[in-house]
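Comments concern the structure below.
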Amino acid sequence: VIVEEVGQGGMATVYKAQDEVLGKTVAIKVLRPELTEGEQYLERFKREAQIVASLEHANIISVFDYGHEQGLYYFVMTYVEGVSVYDLICRNGRLPIEDGIRVCSDILAALNYAHERDVIHRDLKPENFMISREGTTYLADFGIARPIYGSKLTRISQRVGTPIYMSPEQVKGGNLDARSDIYAVGIALFEMLTGKLPFEGKDDVEIGRQHVAVPPPKPSSLNPEIGEALELVILKSLAKEPRKRYQSAKDMAAALQGAARACRLVIPEKAEPNTMYKRLKPIKLPDTAVVAEPPAKAKTVDEFLDSLESENARITRTRTVYGIAALLGIAIVLMVLYTRFVSLVTLTTIPPGAEVEEGNILWRGATPFVMERMAIGKRKLRLTKRGYKATEVTIEVSAGQLVNENVILQPDKSN
């Protein structure tokens, strides 16, 4: 029996319901009726039910049943009476550091279990972290999860997700693995402990560019209570290159526990949502008070790809224009330099074989001497030959002109 609607997403609506047979409260996720005509949405919805049903973990919401009736597709899952981490951030500004680590550790435990079964989530964000009244953290919404070693996905399916939590390789439509989920956990942990997102922008494309190319700020610059060891864990999880991140959820969880010990933090066994605000320590920020940024509404796949590709086209055009301008500039500089050096100087002596010096620098070769493209202006030369007096000559070199200088050397009778 449907009790009430408890939430809506891009693909489905979730209802609280009472299972009269089992006598327990459950949640029913129903695919939006307008999407039932699309085969890809039906397949994704069914895949979510199958994937979650195959994952039995204390921190993953369980699926009990899947079916369709009167044109509606649904599956029945665990009902979590509690609050999402995103709602807590909006309500309190951020989470206490100890509670943030507790939540993140639980999520990493769930991910490690899923990754060991070759399933990556691909849409991790505080909205999908649910905390029950008892303090248990659950990972929800496997709507775009997929097997790591499954069939080759299209470029479109690899970019599905919420752009503000996407890994650089996910933004670029590259190959994804467990380390993409690690990156998203890092973004979520940054937001949980600071109340801010590391990357902000006017649209998804700009944020995506920052994921790919801009280093994240230090979390301690937004929350001085974050110790150095904990900050290093967050920043490592946000490395641009997957090989520089933690290679597994288990590795990150171990590093997180080590950082907590280094910072002398006592991590609670449960994250109590109703008392978190009491444990929040006041912090003084350099700018304004912490205000949680709402999660970006994920665009449709086509909208996101179109905006990304149009932006890439704009960048390509801009680079082309700048490239042409740079080439023209180089050509002009070369022309100017060429006009300053273009000339032909011939220098002969009687008798030949004299060495030529200019400013105590000996020219290569001996007279008769020919030099092309000599710098314009007055040149003072010194000619020397054994048995003859040293002779100094001044020549005038002009752009584009031929300079022909003949010098008669005088015998040195003193020897």
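The values are calculated or read from the model by the stated rules, or taken from the named source; none is laboratory data. Source: prediction; values computed, not measured. Ideal geometry is used to build each Cβ from the backbone, glycine not excepted, and the neighbour counts take in all protein chains shown. Side chains are part of the model used for accessible areas, which takes the heavy atoms of the whole protein and leaves out ligands, DNA and RNA. Shrake-Rupley method; radii C 1.70, N 1.55, O 1.52, S 1.80 Å.
Taking region 200-228 as the range and being more than 17 Å from Lys240 (Cβ to Cβ) and in contact (Cβ under 8 Å) with a residue 40 or more places away in the chain as the test, the residues that pass are Glu200, Asp203, Asp204, Val205, Ser221, Leu222, Asn223, Pro224, Glu225, Ile226.
Which residue out of Gly143, Gly93, Gly135, Gly186 is modelled with pLDDT of 85 or more and more than 21 Å from Asn223 (Cβ to Cβ)?
Details: Gly143 fails: modelled with pLDDT of 85 or more; Gly93 fails: more than 21 Å from Asn223 (Cβ to Cβ); Gly186 fails: more than 21 Å from Asn223 (Cβ to Cβ).
From the options Gly143, Gly93, Gly135, Gly186, the qualifying one is Gly135.
If you go through region 400-415 and keep only what is open to solvent by 50 Å² or more (accessible area, probe 1.4 Å) and either assigned to a loop (DSSP other than H, G, I, E, B) or at pLDDT 80 or above (or both), you end up with Gly400, Gln401, Glu405, Asn406, Ile408, Gln410, Pro411, Lys413, Ser414, Asn415. Within this structure, Leu256 passes the test of being in contact (Cβ under 8 Å) with a residue 12 or more places away in the chain and part of a helix (DSSP H, G or I). Within region 351-375, if we keep just the residues that are open to solvent by 70 Å² or more (accessible area, probe 1.4 Å) and not in a strand (DSSP E or B), the residue that is nearest to Ser414 (Cα to Cα) turns out to be Pro352.
For region 299-311, check the following and say yes or no: at least one residue is modelled with pLDDT under 60, under 30 Å from Gly135 (Cα atoms), surrounded by fewer than 10 Cβ atoms within 10 Å (Cβ to Cβ) and out of contact with any Lys or Arg (no Cβ under 9 Å at 6 or more places or on another chain). No: region 299-311 contains no residue that is modelled with pLDDT under 60, under 30 Å from Gly135 (Cα atoms), surrounded by fewer than 10 Cβ atoms within 10 Å (Cβ to Cβ) and out of contact with any Lys or Arg (no Cβ under 9 Å at 6 or more places or on another chain). Applying a threshold of 7 Å to beta carbon distances and a minimum spacing of six or more residues, or different chains, the list of pairs starting in region 371-399 at a residue that is closer than 16 Å to Pro352 by Cβ and aromatic (Phe, Trp, Tyr) and ending at one that is open to solvent by 60 Å² or more (accessible area, probe 1.4 Å) and modelled with pLDDT of 85 or more reads Tyr388/Gln410; Tyr388/Pro411. Determine if region 83-95 includes at least one residue that is open to solvent by 20 Å² or more (accessible area, probe 1.4 Å), of a type in the set (A, V, I, L, M, F, W, C) and in contact with a Phe, Trp or Tyr (Cβ under 6 Å, 6 or more places away or on another chain). No, region 83-95 has no match at all.
Consider region 191-201 and keep the residues that are under 15 Å from the mean Cα position of the chain (by Cα) and not small (Gly, Ala, Ser). The one that is surrounded by the fewest Cβ atoms within 10 Å (Cβ to Cβ) is Glu200. Of all the listed residues (Thr346, Thr320, Thr391), the sole one being among the polar types (S, T, N, Q), modelled with pLDDT under 85 and more than 30 Å from Arg209 (Cβ to Cβ) is Thr346. Reported count of residues in region 188-238, each being out of contact with any Ser or Thr (no Cβ under 8 Å at 6 or more places or on another chain), within 26 Å of Asp87 (Cβ to Cβ) and among the aliphatic types (A, V, I, L, M), is 9.
To keep it simple, each residue is scored yes or no on (1) closer than 18 Å to Pro126 by Cα; (2) among the acidic types (Asp, Glu); (3) open to solvent by 20 Å² or more (accessible area, probe 1.4 Å); (4) more than 26 Å from the chain's Cα centre (by Cα).
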residue: Val214; (1), (2), (3), (4): no, no, yes, no
residue: Glu228; (1), (2), (3), (4): no, yes, yes, no
residue: Ile234; (1), (2), (3), (4): yes, no, no, no
residue: Arg243; (1), (2), (3), (4): no, no, yes, no
residue: Asp251; (1), (2), (3), (4): no, yes, yes, no
residue: Ala259; (1), (2), (3), (4): no, no, no, no
residue: Leu265; (1), (2), (3), (4): no, no, yes, yes
